[in-house]
1. (1) touching a helix residue (DSSP H, G or I) at 6+ places or on another chain (Cβ under 8 Å); (2) among the aliphatic types (A, V, I, L, M); (3) open to solvent by 40 Å² or more (accessible area, probe 1.4 Å): which one isn't true of Ala87, the others all being true?
2. Checking the condition β-branched (Val, Ile, Thr), open to solvent by 60 Å² or more (accessible area, probe 1.4 Å) and closer than 27 Å to Asn13 by Cα, which residue from Ile225, Ile196, Ile233 passes?
3. I want to confirm something. Restricting to the range 106-141 and keeping residues that are among the β-branched types (Val, Ile, Thr) and open to solvent by less than 20 Å² (accessible area, probe 1.4 Å), which single residue is farthest from Arg158 (Cα to Cα)?
4. For the range 161-179, give me the residue count where each residue is touching a helix residue (DSSP H, G or I) at 6+ places or on another chain (Cβ under 7 Å) and not hydroxyl-bearing (Ser, Thr, Tyr).
5. Which of the following residues is in the same structural domain as Leu46 (by the TED database) and of a type outside the set (Gly, Ala, Ser): Ile163, Ile94, Ile147, Ile134?
6. Is the range 148-161 home to any residue that is touching a residue at least 60 places away in the same chain (Cβ under 8 Å), more than 30 Å from Leu14 (Cα to Cα) and either hydroxyl-bearing (Ser, Thr, Tyr) or open to solvent by less than 60 Å² (accessible area, probe 1.4 Å) (or both)?
7. Regarding the range 75-82, can at least one residue be identified that is in contact with a Gly (Cβ under 8 Å, 6 or more places away or on another chain), open to solvent by 60 Å² or more (accessible area, probe 1.4 Å) and not assigned by the TED database to the domain that holds Pro170?
8. Which residues, counting only those in the range 90-105, are within 21 Å of Cys167 (Cβ to Cβ) and open to solvent by less than 80 Å² (accessible area, probe 1.4 Å)?
Amino acid sequence: MSRFSNTVIGLLNLITLLASIPIIWGALWKARSSTTCENFLQTPLLVIGFIILIVSLVGFIGACFHLAWALWLYLVAMIFLIAALMAITIFGFIVTGAGGGTNVSGRVYNEYHLGDYSPWLRKRVEDPKYWMPIRSCILGSKTCGDIVMWSPVDYLTRDMTPIQSGCCKPPSVCSYEMSMMAQDMDCFKWNSDPSILCYECDSCKAGVLEDIRRDWRKLSVLNVIMTLLLIGIYCIGCCAFRNTQRAETDYPYGENRMSKVRPRWDFYWWRWWHEKRRQIY
């Protein structure tokens, strides 16, 4: 039983080590793919994947070879990893709490408004340094090419993705038969040129944020599961560390650290008293 926790922690770390490889591969694929436009989560996924890989490798080596120092480093790293995942999860739920689409009367799809999202996300897409690569990505992915041939009936009966709803058409409130003075600002930015469309509209940025919001919510739920799993692995790791320390000291129940046996403070007084009594009687 003393080696059971070492075996379990070794197997669990082997599983997490193998699981980190698809995470790293997925982040690299998203970074290199020309069809993916949501690049906000690529760096966090890559960092989390490498950290899990390194921490799992240290824990696996420490558990299999009974190295107390490796398990100690593993437990310290696990504390920081759990704290980081908890912070990222809480931040993710706060940032993605706002947003979501609004129903359009008589339509299946929703429309999205930039003002409904958190200031932190809005600041990201309003920065040209971040928005221009995303815009180029959407233009190159032919996302809007799928709805070019739609008929008016299709617009009433078919659904759209958030990016299609915001980037490939003008907002439904726009009416180009009336005075443009009372229109939404996105109505002025719309152009039927396939290279322009509504890519500079706030509704397009809102559609991108909605995609990011949905992905981030899924990632936050996964982070909650991962945090609970890591807490359980950490507890087992503490048992493995204790068992490894016991094995190194050659004592089944821990090292015997008693170097001297010292009598109690009243031992000499008690011996003197009994000797005196013996002399008297």
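The values are calculated or read from the model by the stated rules, or taken from the named source; none is laboratory data. Source: prediction; values computed, not measured. FYI the Cβ positions are ideal-geometry reconstructions off the backbone, even for glycines, and counts take in every protein chain you see. Areas reflect the complete protein model, heavy atoms only, side chains present, ligands, DNA and RNA absent. Shrake-Rupley method; radii C 1.70, N 1.55, O 1.52, S 1.80 Å.
1. Among (1) touching a helix residue (DSSP H, G or I) at 6+ places or on another chain (Cβ under 8 Å); (2) among the aliphatic types (A, V, I, L, M); (3) open to solvent by 40 Å² or more (accessible area, probe 1.4 Å), Ala87 violates only (1).
2. None of the others qualify; the one that does is Ile225.
3. Checked the range 106-141; the qualifying residue farthest from Arg158 (Cα to Cα) is Val125.
4. Qualifying residue count, the range 161-179: 9.
5. Numbers: Ile163 fails: in the same structural domain as Leu46 (by the TED database); Ile147 fails: in the same structural domain as Leu46 (by the TED database); Ile134 fails: in the same structural domain as Leu46 (by the TED database).
Criteria check complete, one pass: Ile94.
6. no
7. no
8. Within the range 90-105, Thr96, Ala98, Gly99, Gly100, Gly101, Thr102, Val104 qualify.
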